Amino acid sequence: MSSPRVIIAPSLLASDFSRFGHEAARAHRSGAEWLHLDIMDGHFVPNISFGPQVVKAVRPHFSRVLDVHLMCSKPEILLEPFAKAGADHITVHVELGSQVTPLLWKIRSLGKKVGIAINPPTRISEVKPYLSKVDLVLVMTVNPGFGGQPFIEECVPKIQQVAAWRKQLGLKFRIEVDGGINDATAAECARAGADTFVAGTALFSHRNLGLAVKRMRHVAAIASKESGART
Ligand code: DX5
Ligand code: ZN
């Protein structure tokens with residue numbers, strides 16, 4: 001089973017907050033397959049970012065996939081507003097414990113793709129029970145809350161483990177990484193089995209976003225081939 005093609009998802013968190021529509025259009029022109037929206041509630045993480053209104057505002061400017069990452073303690077009250085605003089994917093954190101299963105069902109019932117995210121300190125075994133229920137596993141490579149943080153190397157074995165389970169179980173979920181992703185760490189994560197790359201600082205800091213996206217996609221695709229991650 002070959003691993004899914006490489007997808008690059010610029011994170012709006014690293015964009016110019018004074019002009020979200022312009023930045024989303026720039027991301028669209030760059031050819032990025034997804035636009036990643038980090039939603040922070042100031043409780044699950046010590047920061048507040050933006051809500052459904054911003055998803056609604058950027059929707060007309062990015063016609064491909066809006067990939068919404070909820071770093072929120074009570075996501076059940078947010079699923080419908082984000083679905084209505086135009087989210088295509090909604091990802092919740094495995095750290096929410098007993099809330100997770102009903103949340104995954106609710107996202108599915110809204111007709112959206114379902115993602116589960118895991119923080120660096122959380123044991124990777126926590127996501128195993130959910131693998132057959134999700135379309136996406138998001139392995140955080142920084143502690144959530146802020147862009148521009150350094151990549152946490154210790155997360156790489158977690159990517160390898162999820163990739164091994166995907167192969168053993170014959171599942172097709174995507175493996176997404178988020179935090180400190182640049183060309184070098186994208187290649188490292190691709191070698192470990194990741195196929196979807198969220199990057200904020202490393203992409204939005206470039207005047208030519210299209211070139212930066214193309215380069216990251218290229219290095220990740222080469223690395224994934226070299227490592228035989230395509231089986
Ligand atoms: C952390 C955020 C960041 C953001 C990307 O909560 O999820 O990981 O998406 O940040 P960079 O790419 O700037 O590290
Ligand atoms: Zn994110």
Region 117-231: C-alpha gyration tensor shape, a/c 1.5 cut-off, then a/b vs b/c: oblate
Counted charge near residue 14, where neighbours are those whose Cβ lies closer than 13 Å (Asp, Glu -1; Lys, Arg +1): -3
Relative contact order (percent, whole number), region 7-230, Cα cutoff 8 Å, 6+ residue spacing: 19 percent
Rg and Dmax [Cα atoms of region 49-110; Å; Rg one decimal, Dmax integer]: 11.5, 36
Nearby aspartates and glutamates by direct alpha-carbon distance to residue 112 (threshold 16 angstrom, same-chain neighbours under 8 apart not counted): 67, 76, 80, 88, 135
Beta bridges by DSSP in the chain, antiparallel share as percent, to the nearest 5: 5 percent
Kirkwood Rh in Å, taken over region 1-111 so that all alpha-carbon pairs contribute: 14.5 Å
Exposure ranking of 201, 185 by accessible area [1.4 Å probe, largest first]: 201, 185
Ratio of Rg to Rh over the chain (Cα coordinates, Kirkwood Rh, two decimals): 0.93
Percent RCO, i.e. relative contact order, over region 134-231, from Cα pairs under 8 Å lying at least 6 residues apart: 29 percent
Hull-based mean projected area of region 140-195, where the convex hull spans the alpha carbons, in square nanometres: 3.7 nm²
Straight-distance crosslink candidates among lysines, where the alpha carbon sits under 23 Å from residue 106 and sequence neighbours closer than 8 are dropped: 56, 74, 84, 128, 133, 172
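The values are calculated or read from the model by the stated rules, or taken from the named source; none is laboratory data. Please read all numbers here as calculations on a predicted model, not as lab measurements. Positions of Cβ are generated from backbone atoms using ideal geometry, with glycine treated the same way; all protein chains shown enter the neighbour counts. Just the protein is used for accessible areas: all its heavy atoms, side chains included, with ligands, DNA and RNA removed. Shrake-Rupley method; radii C 1.70, N 1.55, O 1.52, S 1.80 Å.
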